[in-house]
Amino acid sequence: MATDGRTFQGDFDPGTSGVFSVTFEASDSCIDGNRTDQETFTISVSQPCTPLEITTTTIPDGQLGVAYNAQLLATGGFGALTWSLPSAGGSSFPPGLTLNPDGSITGTPTNSGNFNFLVQVTDVCPGGQQTDTGSITMFIAPPACPAVTLTPDPALPIATNGAAYSYQVG
């Protein structure tokens, strides 16, 4: 830090952060005596915020009626990140699921199909809040079909050539 008598300017060493006190003293020479005044100022120094970027591009598919859990991820930013669905953009978020503020998607899907939706993440950068928006596509499969099992009797009835034959599997 340096001063030219009126301006306090300079750069802090990389990695420096915290609250610092700086004391300025001003004096003059006057015919009737020197005058001096001192004042202490406080300056807060924070680390620069790294750019905030959503890194999740795909999430696992889900299945109708089956509990779902996935986590969205982002890099950069400052402090706690908060996730949300932006109000604009024509998103189609799967009914029955919730995007939680921590970036987790949880719930039980109530509709099947392809869903395209936007997600947004915001930080608490002291120099100004940063936001990033990303597009997610996911598929919710219809319920699984039950297994088909045939249980024939140990022996089928004997068929006669030339005669109609019918047997009901049960």
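The values are calculated or read from the model by the stated rules, or taken from the named source; none is laboratory data. Here the structure is a predicted model, which is why all the values come from computation and not from measurement. FYI the Cβ positions are ideal-geometry reconstructions off the backbone, even for glycines, and counts take in every protein chain you see. Remember, those area values only see protein heavy atoms, side chains included, never the ligands or the DNA or RNA. Shrake-Rupley method; radii C 1.70, N 1.55, O 1.52, S 1.80 Å.
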Inset, instruction - Can you send over the solvent-accessible area of Leu52, 1.4 Å probe, protein chains only, in Å² to the nearest 10? - result: 20 Å²
Inset, instruction - Under 4.7 Å Cβ to Cβ, no partner at all: give me those cysteines from the chain, in residue order. - result: Cys30, Cys145
Inset, instruction - Report the paramagnetic label zone for Thr58: residues of segment 96-117 whose backbone N is under 19 Å from a point 7 Å from Cα along the Cα-to-Cβ axis. - result: 105, 113-117
Inset, instruction - Obtain the nm distance between the two label points defined at Thr75 and Tyr167 by a simple spin-label model: each point lies 7 Å from its Cα along the Cα-to-C-beta direction. - result: 6.5 nm
Inset, instruction - Treating the Cα atoms of the chain as identical point scatterers in vacuum, please give the log10 of the normalised Debye intensity I(q)/I(0) at q = 0.08, 0.17 Å⁻¹, two decimals. - result: -0.56, -1.05
Inset, instruction - Sort out for me the Cα centre separation of segment 18-73 from segment 136-165, rounded to whole Å. - result: 67 Å
Inset, instruction - Note down the nm distance, to one decimal, between modelled labels 7 Å out along Cα→Cβ at Gln129 and at Asp11. - result: 3.1 nm
Inset, instruction - Within 10 Å, count the other beta carbons around each residue, average over each peptide in 103-109, 59-65, and list them highest first. - result: 103-109, 59-65
Inset, instruction - Could you work out the relative contact order of segment 24-170, using alpha carbon pairs under 8 angstrom and six or more residues apart, expressed as a whole percent? - result: 22 percent
Legend entry - Hull shadow area, averaged, segment 38-77 [alpha-carbon convex hull, nm²]: 5.2 nm²
Legend entry - Phe115 - accessible surface, heavy atoms, 1.4 Å probe, Å² rounded to 10: 20 Å²
